[in-house]
Amino acid sequence: MIGIFGGTFDPVHYGHLRSALEVKELFGLSEVRLIPCASPPHRNQPAASALMRLQMLELAVKNRPGLKIDTRELDRHNQLNNVPSYMVDTLKSLRHELPNQSLLLFIGSDAFNSLTTWHQWRQLFDVAHIVVMTRPGFEIQQLDDFFKSRLADDKQALAQNRAGKLFFQQITQLDISATAIRQMIAKKQNPGFLLPDAVIEYINEHKLYQAY
Ligand code: ATP
């Protein structure tokens, strides 16, 4: 079983990193793939360039062998010139490479609440399971029949199928967001202990997020 953790990572912070490490252990995954998106279809364009977001991610997961960076969304964007990053395409390409593995797509509860706006969102379940991680400030909305019919009672059900199940996982609650970090930096406040020092140094060196 491998985990997939997509994000803008603008910048990567401990809310992402702690969650990724925690679910890797909770689900006994061989690895969690962190997949930075190039051009997020659902939100404003990132403040930092794709290359800088990738470099910050590299600094953050250095010496963390279980957390791997997967650049397929950035690569596809470069090859196909501004095609938006659709998670369904990313999962299909991972499925092609890993035909026999269970794929677990991890998303925070904020992302789950807008899942039905994602491109071909129902098809996500043809290729992967979706595991929703609790995030402070975002209650899960009422589940409709489509979701209820996919609910897994326990983690074992995820290992028994390669895709198709929905699972909710309580994780350590860290009320950290990239938006709040960008705002702090623009206000010249210190974002220390919300993200790795190496990433803060990179932000300072490249004068990122100064106007927001
Ligand atoms: P922004 O504030 O710029 O929207 P963000 O902090 O939400 O960014 P993203 O890169 O957009 O970070 O998030 C990627 C994924 O990580 C999403 O599935 C999101 O729900 C999840 N995530 C982000 N922060 C947390 C957190 N503190 N706890 C749990 N999940 C999180």
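Here, each number is a calculation from the coordinates, and none is a lab measurement. If you're wondering where the values come from, they're calculated on a predicted model, not measured in any experiment. Ideal geometry is used to build each Cβ from the backbone, glycine not excepted, and the neighbour counts take in all protein chains shown.
Miscellaneous remarks
- Highest GNM mean-square fluctuation among Phe106, Phe146, Phe168, for the chain modelled with Cα contacts below 10 Å: Phe146.
- With a cut-off of 13 Å between beta carbons, the residues surrounding Ala211 carry a summed charge of +4, where Lys and Arg count +1 and Asp and Glu -1.
- Segment Asn100-Asp144, extension gain: residue separation times 0.36 nm, minus the distance between their alpha carbons: 12.9 nm
- Dipole of the chain computed with +1 at Lys/Arg Cβ and -1 at Asp/Glu Cβ about the Cα centre; of Gly164, Phe106, Asn78, farthest Cα towards the positive end is Asn78.
- Calculated FRET efficiency for the pair Arg18/Gln189, C-beta based, R₀ 30 Å, to 0.05: 0.90
- Ser39 long-range amide H proximity, modeled H, under 5 Å: Ser85
- FRET E, pair Ser39, Ala157, Förster distance 41 Å, beta-carbon r, rounded to 0.05: 0.75
- A Förster radius of 22 Å, combined with the Cβ-Cβ distance separating Gln79 from Gln120, puts the computed FRET efficiency at roughly 0.60.
- Beta bridges per DSSP, both residues in the range 2-175: antiparallel share near 5 percent.
- Phi angles across the range 167-179 convert, under the Karplus curve 6.51 cos²θ - 1.76 cosθ + 1.60 with θ = phi - 60°, into 3J(HN,Hα) values of 9, 10, 10, 6, 10, 4, 7, 10, 7, 10, 9, 5, 4 Hz, Gly and Pro given as x.
- Cα-based shape type of the range 2-175, given that a ≥ b ≥ c are square roots of the gyration tensor eigenvalues and the cut on a/c is 1.5: rounded
- For the chain, adding -39500 (n - 2.57) for each run of n ≥ 4 DSSP H residues and dividing by the number of residues yields -10500 deg cm²/dmol at 222 nm.
- Contact order normalised by residue count of the chain, Cα under 8 Å, 6+ apart, percent: 24 percent
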